[in-house]
Amino acid sequence: MTLRIPAALAAFVLISACGQNGEAPEASSSSEASSDSSPAEVEEVRLSPVDEDKMRARIATLSSDDFEGRAPATPGGMKTREFLIDEMKSIGLEPGNGDSYEQAVPLVELTVQLDESNLAINGETLELGPETVYWTKRVEEDISFDDSDLVFVGYGVVAPEYGWNDYEGIDVEGKTVVMLVNDPGYATGDEELFNGRAMTYYGRWTYKYEEAARQGAAAALVIHQTAPAAYGWGVVEGSWSGPQLDLERPDGGAGRVAMEGWIQEEVAKDLFEKAGLDFDEVTASAQEKGFKAIPMEGLKASGTLKNTIRRSESANVVGVLPGTEHPDEYVLYMGHWDHLGVGPADENGDTISNGAVDNATGTAAILSIAEAFSKSTPKPKRSIMVVAVTAEESGLLGSAYFAEDPVVPLADIVGGINIDGVLPMPPSKDMIVVGYGASQLEDLLKLAADKQDIYLRPDAEPEKGYFYRSDHISLAKKGVPMLYADAGLDLVDGGEEAGRALAEDYTTNRYHKPADNYSPDWDLTGMTRSMNILMETGAAMAYSDDWPNWYEGNEFRALRDEQRAAAD
């Protein structure tokens, strides 16, 4: 599919907006975009700019102590939802879920009772914490499986577009699959294999457990290796210990394997040795196309999980600015409203993780962009949908629910932009595209960025798969083209050294800590300019009849093609 860049794009005027000076390196575009008509034939579109003062006020309000850190299913979470609805009404957005601004998101919390749960191989119990971490997605108090044969399934990937199937020729029904994290492209560095060093969705642990369930496995264990996982064992142990929040699904999670978990690399090596297999040799063979799953002869797993179950409910908040010509076609702006809430006191005695950057900024931004669209002339042809999702910090749950039970058909969402954790920084010469090279939305972003002499660059560590760790992935893996871009680090004043210093200071001292607070001294000029660029990117869809797609070869392209074919 060739994306026809709408002629209207050339006629966009951002009222009172001005670019920044400074040379920008040439940024490449991966689409064969072209214009079929001259701007003179198109009515001029006058986009109202994002109101920096109002965006600032929204950030300050959402990150104030009054909202108690915006944890789902808490008084602070409820207050956040009420604030968002009031803001959407004041902007002029209509309810996005029938006659309601909310989409209820049922949640269930499972806590494994450590003294009554275990995972054993041939009767030898693995130590929970130092050697393994495990849980279940099945909403049941008692779960067990016995004498399940172990099978090494390489990377646990079934990827038709790459001609790859680690499960080909083997039946793993009732068995325990053992697999590697990330994907073969990362392991080999071969640019012709998957996406080279850049992780694909198949490299994410979430996918691996889902695929194991589709294959009928009883349990699924991912081997932890620090480099391909992009984090140490401490992160694994900390993230999957204690209460685990998930969606309350219609089947109660019955379709998932009985036990999902991680095992330390040294534990895996010991198991391979007991099965008469050379760990390095066998894992190297998993990097080759045509790899065949290998039974781990003589090894059987048994597991028991005792759970405490607690149910609650939160909500996504959805508003729509109806389109004037195609109201049933939607341009989506998404950001998560939740954060960590109240917890242990830090060194200053602060117990509230306010999440000013993460993600009061993104929530305020999607509201402010919608408000700018409401003041633009003419109004967009397609509808602008704003979705403030819940429970992102618990595993992208709100966006997952929206994708699984959408308030509008996913085929009718033209494309989406996710805004998450925008650092308050001065203007930069660049914008960072996470998951660079994914979809034609990047071509629209480039056109908007070029007008302000901004160049695009990929995130510096694509092998860590950041594209698969924020809310947009919930819709992407259903086929909807999604963009995740942020202000860059190459500051107009101070260059990359200054930009990286600000980013590292936030990551080290404030990220996911009570210190992530709003300050009236924040410089929002860079953020405001970036939001105007993201607004104009969405406008290229909202004032057009075109349907941007994933690039050829992307793992979600076939899903979108099928989705749109069914809609047509």
For segment 365-382, indicate whether the set of residues that are part of a helix (DSSP H, G or I), of a type in the set (A, V, I, L, M) and open to solvent by 10 Å² or more (accessible area, probe 1.4 Å) is non-empty.
no
For segment 453-464, how many residues are open to solvent by less than 10 Å² (accessible area, probe 1.4 Å) and in contact with a helix residue (DSSP H, G or I) (Cβ under 6 Å, 6 or more places away or on another chain)?
0
For Ala227, are the conditions met, namely being assigned to a helix (DSSP H, G or I) and open to solvent by 40 Å² or more (accessible area, probe 1.4 Å)?
yes
Evaluate segment 396-419: report whether one residue or more is over 16 Å from Ile473 (Cα atoms) and crowded, with 21+ Cβ neighbours inside 10 Å.
no
Boolean, Val177 is over 24 Å from the mean Cα position of the chain (by Cα) and open to solvent by less than 10 Å² (accessible area, probe 1.4 Å):
yes
Would you point out the residue of segment 473-491, among those that are over 14 Å from the mean Cα position of the chain (by Cα) and open to solvent by less than 10 Å² (accessible area, probe 1.4 Å), that is nearest to Ala449 (Cα to Cα)?
Gly488
Residues within segment 420-431 that are open to solvent by 20 Å² or more (accessible area, probe 1.4 Å) and farther than 17 Å from Val357 by Cα, tallied:
1
Go through segment 278-293 and count every residue that is of a type outside the set (Gly, Ala, Ser) and open to solvent by less than 40 Å² (accessible area, probe 1.4 Å).
4
Which condition breaks for Leu126 when tested against (1) under 24 Å from Ala254 (Cβ atoms); (2) in contact with a helix residue (DSSP H, G or I) (Cβ under 9 Å, 6 or more places away or on another chain)?
(1)
Which of the following residues is free of Cβ contacts under 8 Å to residues at least 60 places away in the same chain and either open to solvent by less than 20 Å² (accessible area, probe 1.4 Å) or part of a helix (DSSP H, G or I) (or both): Glu211, Glu192?
Glu211
Flagged in segment 230-247 as touching a helix residue (DSSP H, G or I) at 6+ places or on another chain (Cβ under 9 Å) and open to solvent by 20 Å² or more (accessible area, probe 1.4 Å), in numbering order, are Ala230, Tyr231, Gly232, Trp233, Val235, Ser241, Leu245
For segment 137-174, give me each residue that is open to solvent by 60 Å² or more (accessible area, probe 1.4 Å) and hydroxyl-bearing (Ser, Thr, Tyr).
Ser144
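Tell me yes or no: at least one residue of segment 325-333 is open to solvent by less than 20 Å² (accessible area, probe 1.4 Å), more than 22 Å from Met541 (Cα to Cα) and touching a residue at least 40 places away in the same chain (Cβ under 8 Å).
No, the conditions are met nowhere in segment 325-333.
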Checking Gly494 against (1) of a type in the set (Gly, Ala, Ser); (2) out of contact with any helix residue (DSSP H, G or I) (no Cβ under 9 Å at 6 or more places or on another chain); (3) open to solvent by 10 Å² or more (accessible area, probe 1.4 Å), which single condition isn't satisfied?
(2)
(1) at positive phi; (2) open to solvent by 40 Å² or more (accessible area, probe 1.4 Å): which one isn't true of Gly216, the others all being true?
(2)
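The values are calculated or read from the model by the stated rules, or taken from the named source; none is laboratory data. Because the structure is a prediction, the values reported are computed rather than measured. Positions of Cβ are generated from backbone atoms using ideal geometry, with glycine treated the same way; all protein chains shown enter the neighbour counts. When the accessible area is computed, the model is the full protein with side chains, heavy atoms only, and any ligands, DNA or RNA have been set aside. Shrake-Rupley method; radii C 1.70, N 1.55, O 1.52, S 1.80 Å.
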